[in-house]
Amino acid sequence: MSVFDLPRLHFGGTATTHLPTGARSGLVDLATNTALTDDGQPFPAHRPPGEYHDHLDRLGPRFDSSGRPAPDGPFSAAKGEDFAGNGHFSVDARITGVEVRAGDVDTADPVVGRGVDMWGHYNEYLATTVNRARVFDVDPSSDWTTTLMVGQFCFGRDGRSHDVGYMATGGVRGFHPPRWHNARHVRDVGGHWLAERLRRSVVHQFAVTEQDELTWLDEAAASPAVRHLRAAAAAEGAGGLVVQFALSHLAAPLAPDRPGRWRLRGTIAPWRPHEPRTYPAGRLLVPERHAPGRTPVSCTTSPSS
C-alpha cells in the first residue's frame, strides 16, 4: 500500500460494478464488434437478440446459485454473470475513522459517518454530475485489466447533499487501472464457477488536484480532521488529495444479469505532485540481485515507478 502523509480519512462500504461480461465469453469478435455462435460464425444481425440469448443459454455448463452444476440452472458460462451490464460503477460508502497521528484512529470526529461519493464526469448539456463513474475491460480476455474512470470525487455529505452538503469536491482526470492484484485474498470460496474472481482483491488509486478544481466547502469547518487535511493539501509541496481504495470479497451472484457487489475500503490523504496519480507511492519489495544458480536470501527495496 502507499505510504500516505497525515492526516488520513479512512472510508468503507460497498462498490457496485455493472461490468458487461458478454465480451469475456470468447464469442465476440472485438475487431469487428460481431457476436459469434459456438462454431465461430457471425450471428445474423437481422435476427432478434433474444434468439442469440437463447443460443448462449444452451451453451456450456450451467450452475446454480451455490456454484454447483445444474442442468436446468439459470446461469450460462457463455453469458457470464452480468451479460447486460451497462458499464456503471458506484459506491455506497462512509468515512469510518480519521488518523491525525500515525496509528491513532479517531472515530469521534464529526466527519465519521459522512458520505463518500464517486460520480461520473460533469455533463455540460444537463448541468449535472448525476451520471455514474465507469468500469470497463481494456482486454476482455484478461481479469487483470478491469479499469475504472471516475469523474468527480466528493465527501462529507450527511444524508442527501442538499440536506447537509459536501465538505470537499473535485474533478478526477484519466483512467484508474487496477494495481496490487491479490489472487488469493479470500481463501474459502469452495468450487464456485466464479472462484477465481471471488478470491481476488485489487487496489485502485486516483488524485484530486488543485488544477482539477478541488474545492473545500463551508461544511469542512465542522471537522477538525478535515480542517487539518485541507491545510495539508494546500501546504507548499502538496497538490491536492490522493484517494486509494481496495475492492474485495465479491458477492456470488444469485441470479443472472446481476451487478458485482464488492467490499470497499479506502483512504483519503494529501497528495504531492511528484507522486504517481494511479500507482501507489512508496517502496516495493523486489528480489535481491544474485548470480545465476544462487538462491537469494533477502530482499531489498526499490522506488515504485
| query | Going through region 255-276 one residue at a time, which ones are crowded, with 18+ Cβ neighbours inside 10 Å and basic (Lys, Arg)? | reply | Arg265
| task | Looking only at region 172-186, decide whether some residue is among the small types (Gly, Ala, Ser), within 26 Å of Ile95 (Cβ to Cβ), touching a His at 6+ places or on another chain (Cβ under 8 Å) and modelled with pLDDT of 85 or more. | result | no
| Test result for Ala78, at pLDDT below 75 and either buried (at least 18 other Cβ atoms within 10 Å of the Cβ) or of a type in the set (Lys, Arg) (or both) | yes
| said: Any residue in region 250-264 that is on the phi > 0 side of the Ramachandran plot sitting within a Cβ distance under 7 Å of a residue that is surrounded by fewer than 16 Cβ atoms within 10 Å (Cβ to Cβ)? List the pairs, counting only those 6 or more apart or interchain. | reply: Asp257/Ala84
| Could you say whether any residue in region 29-51 is part of a loop (DSSP other than H, G, I, E, B), in contact with a strand residue (DSSP E or B) (Cβ under 8 Å, 6 or more places away or on another chain), at pLDDT below 95 and crowded, with 17+ Cβ neighbours inside 10 Å? | no
| query | Of the residues that make up region 96-116, is at least one touching a Ser or Thr at 6+ places or on another chain (Cβ under 6 Å), assigned to a strand (DSSP E or B) and either surrounded by fewer than 17 Cβ atoms within 10 Å (Cβ to Cβ) or among the hydrophobic types (A, V, I, L, M, F, W, C) (or both)? | reply | no
| note | The one condition Ala255 fails out of (1) part of a loop (DSSP other than H, G, I, E, B); (2) more than 19 Å from the chain's Cα centre (by Cα); (3) among the hydrophobic types (A, V, I, L, M, F, W, C); (4) at pLDDT 80 or above is (4)
| remark: Of (1) in contact (Cβ under 8 Å) with a residue 40 or more places away in the chain; (2) touching a Pro at 6+ places or on another chain (Cβ under 8 Å), Thr147 fails just (1)
| field | Which numbered condition Ala221 fails, given (1) modelled with pLDDT of 90 or more; (2) within 25 Å of Gly120 (Cβ to Cβ) | value | (2)
| Count of region 151-165 residues which are among the small types (Gly, Ala, Ser) and surrounded by 18 or more Cβ atoms within 10 Å (Cβ to Cβ) | 2
| query | If Thr169 satisfies every condition in (1) within 25 Å of Ser25 (Cα to Cα); (2) part of a strand (DSSP E or B); (3) open to solvent by 20 Å² or more (accessible area, probe 1.4 Å) but one, which is the exception? | reply | (1)
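Condition check ((1) among the aromatic types (Phe, Trp, Tyr); (2) touching a strand residue (DSSP E or B) at 6+ places or on another chain (Cβ under 9 Å); (3) open to solvent by less than 50 Å² (accessible area, probe 1.4 Å)) across all residues:
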site: Tyr125; (1), (2), (3): yes, no, no
site: Arg132; (1), (2), (3): no, yes, no
site: Leu148; (1), (2), (3): no, yes, yes
site: Glu196; (1), (2), (3): no, no, no
site: Gln205; (1), (2), (3): no, yes, yes
site: Glu210; (1), (2), (3): no, yes, no
| request: Please determine, by comparing only the residues of region 145-166 that are in a loop (DSSP other than H, G, I, E, B) and among the polar types (S, T, N, Q), which one is nearest to Met118 (Cα to Cα). | output: Ser161
| query | When Leu59 is evaluated against the numbered criteria (1) closer than 28 Å to Trp144 by Cβ; (2) at pLDDT 90 or above; (3) surrounded by fewer than 19 Cβ atoms within 10 Å (Cβ to Cβ); (4) in contact with a Lys or Arg (Cβ under 9 Å, 6 or more places away or on another chain), which criterion, by number, is the only one it fails? | reply | (2)
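The values are calculated or read from the model by the stated rules, or taken from the named source; none is laboratory data. For clarity, every value in this text was computed on a predicted model and none was experimentally measured. Virtual Cβ from ideal backbone geometry, glycine too; neighbours counted across all protein chains shown. Only protein heavy atoms, including side chains, enter the accessible area calculation; ligands, DNA and RNA are left aside. Shrake-Rupley method; radii C 1.70, N 1.55, O 1.52, S 1.80 Å.
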